[in-house]
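A.B. asks: Sending over a structure as structure tokens; questions will come in a sec.
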Amino acid sequence: MLASSTVTLADALDPVAVAAASRRPGEHWFCLEQPDRDGWALAALGSVRALEASGPDRFAELSRRWRSLVAGAHAGADDGPPGSGLVAVGGFAFAPDGGASPEWGGFAPASLIVPEVSLARQGERTTLTLNVEVAPDDTQGDLLARAVDRVGELADRPLPLLDPAPAGAYRVHSPMAPSHYEEAVARAVGRIRAGELEKVALAREVDVHAPLHHNSAAVLGMLRAEFGSCYVFAVGRGDATFIAASPELLVKREGQRASTVALAGSIGRSADPAVDDHLGERLLRSEKDREENAIVAKQIALALRPHSVWVTAASEPALVRVANIQHLAIPIRAQLAGAATALDLAGALHPTPAVGGEPRERAVGLIPALEGIDRGWYAGVVGWTDACGDGEFCVALRCALLRGALARLYAGCGIVRDSDPASELAETEVKLGALLPALAG
């Protein structure tokens, strides 16, 4: 069986810094934080149980297996910050069998880990949870010794800083020429105007070859300093780390309440406040971007309704501004009718039209042929769920896969009937700008 124990720490710690400093070589690790939300953070190390699946029912399969595991576990009551106590952390690829290409080795299409140790923080309160696998012949002393050994390895050191003057040359290139992306957008627009679909999201890749291995902990530190309102995360599998600063919530469940956001339609930022406001006003008045956002909001509400007593959405989009880009956003809330968990809701919503398209099945079926890439966990789902079925999952955007000296970055745009190929390519460059400064020297 699985045994779990949680304590409140006397001193507030930085969970992400502790995890980055304390991870063993090659072990699974996980960090997710939203710094502007009263310093909320969740970090985890090691694995006592790994739940993996593939195929179209992967969300439902892991939801079922997580409920079964929780039912047989021994865990004390917990009233700590969100993410405290017995949790499963990880993510899902964009496609049911996504991540088959070699660069995504170790990242299963659906992968949740019950960690050995996790830390959750909000405000000045930090909790530490230890999970142990109990075998029939284990003694209390054996279990205690294992737990004490693991806690003894935890180190409280600040995240390292990026090298301001790195030695050696960095090389940035696209595995596919930028013109390939423009051609894909043009083909998609043709299909939309022919009435085959309303919207499709298309992405591209950019590689950064560094003279030394990329430092994921230092990149995390930069991202949370620059993107405090975003979901800053890292998911480590073996020698690879999937890292991001995503602006997009997929779903958050708190008891019988669920919340999400329709985030679609983008424009750049300016250091001049007057110009920045002008850009935001342009975005708010853009028929093309408002259409894109409305499609996403409509389909999210439709996906939530079978699970809800009521669903409500804001009547008008608002601006969400992050460091280098601003988006149109419509907050959506729901009162749940039954026992749908955070995992169930994530499965019902993914992929939203913001990263897939509309109609969903037709658009998602077209994406691989138009893009020509394996998205892996890009535009997938990353987050956590607890023993009560609560949890929080974000959409994996503004992200990169780090493996040794290679970083592969991903960025995409929503394509509708009025999309211009050159403009969409330029928008991907803005989105890539979230991570390129940290990875390209």
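The values are calculated or read from the model by the stated rules, or taken from the named source; none is laboratory data. On a predicted model such as this, the values are computed, not experimentally measured, just so you know. Positions of Cβ are generated from backbone atoms using ideal geometry, with glycine treated the same way; all protein chains shown enter the neighbour counts. Side chains are part of the model used for accessible areas, which takes the heavy atoms of the whole protein and leaves out ligands, DNA and RNA. Shrake-Rupley method; radii C 1.70, N 1.55, O 1.52, S 1.80 Å.
A.B. asks: Restricting to the stretch 416-436, name every residue that is open to solvent by 10 Å² or more (accessible area, probe 1.4 Å), small (G, A, S) and out of contact with any helix residue (DSSP H, G or I) (no Cβ under 7 Å at 6 or more places or on another chain).
C.D. replies: S423, A426, G433
A.B. asks: Here is a follow-up. Mind checking which residues of the stretch 73-106 are among the hydrophobic types (A, V, I, L, M, F, W, C), under 25 Å from A348 (Cα atoms) and surrounded by fewer than 16 Cβ atoms within 10 Å (Cβ to Cβ)?
C.D. replies: A100, the sole residue that qualifies.
This table checks each residue for (1) small (G, A, S); (2) free of Cβ contacts under 8 Å to residues at least 24 places away in the same chain; (3) touching a strand residue (DSSP E or B) at 6+ places or on another chain (Cβ under 7 Å).
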position	(1), (2), (3)
L302	no, yes, no
S308	yes, no, yes
Q326	no, no, yes
R333	no, no, yes
T341	no, no, yes
D344	no, no, no
L349	no, no, yes
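A.B. asks: Sticking with this one: Which residues, counting only those in the stretch 2-44, are of a type in the set (D, E) and within 22 Å of S229 (Cβ to Cβ)?
C.D. replies: D14, E33, D36, D38, listed by residue number.
A.B. asks: Let me confirm something: among V48, V70, which residue is more than 25 Å from V395 (Cβ to Cβ), more than 19 Å from the chain's Cα centre (by Cα) and crowded, with 18+ Cβ neighbours inside 10 Å?
C.D. replies: V70
A.B. asks: Which pairs turn up if I take residues in the stretch 2-25 that are over 14 Å from L42 (Cα atoms) and open to solvent by less than 10 Å² (accessible area, probe 1.4 Å) and look for partners that are aliphatic (A, V, I, L, M) and in a helix (DSSP H, G or I) with beta carbon separation below 8 Å, at least 6 apart in sequence or on another chain?
C.D. replies: L2/L69
A.B. asks: Okay, next question. Of L304, L349, L279, which residue is in contact with a Ser or Thr (Cβ under 8 Å, 6 or more places away or on another chain), over 19 Å from E248 (Cβ atoms) and of a type outside the set (V, I, T)?
C.D. replies: L279
A.B. asks: Before we move on, is G280 closer than 29 Å to A342 by Cα and either surrounded by fewer than 24 Cβ atoms within 10 Å (Cβ to Cβ) or modelled with pLDDT of 95 or more (or both)?
C.D. replies: Considered against the rule, which asks whether it is closer than 29 Å to A342 by Cα and either surrounded by fewer than 24 Cβ atoms within 10 Å (Cβ to Cβ) or modelled with pLDDT of 95 or more (or both), G280 comes out as no.
A.B. asks: Being under 30 Å from A71 (Cα atoms) and crowded, with 18+ Cβ neighbours inside 10 Å is true for just one of C399, C413, C394. Which residue is that?
C.D. replies: C394
A.B. asks: Same structure again: Quick one: which of R204, R191 is over 24 Å from the mean Cα position of the chain (by Cα), among the charged types (D, E, K, R) and surrounded by 13 or more Cβ atoms within 10 Å (Cβ to Cβ)?
C.D. replies: Result of the check over R204, R191: R191.
A.B. asks: When you check A405 against the structure, is it open to solvent by less than 20 Å² (accessible area, probe 1.4 Å) and either within 16 Å of the chain's Cα centre (by Cα) or touching a residue at least 24 places away in the same chain (Cβ under 8 Å) (or both), yes or no?
C.D. replies: no
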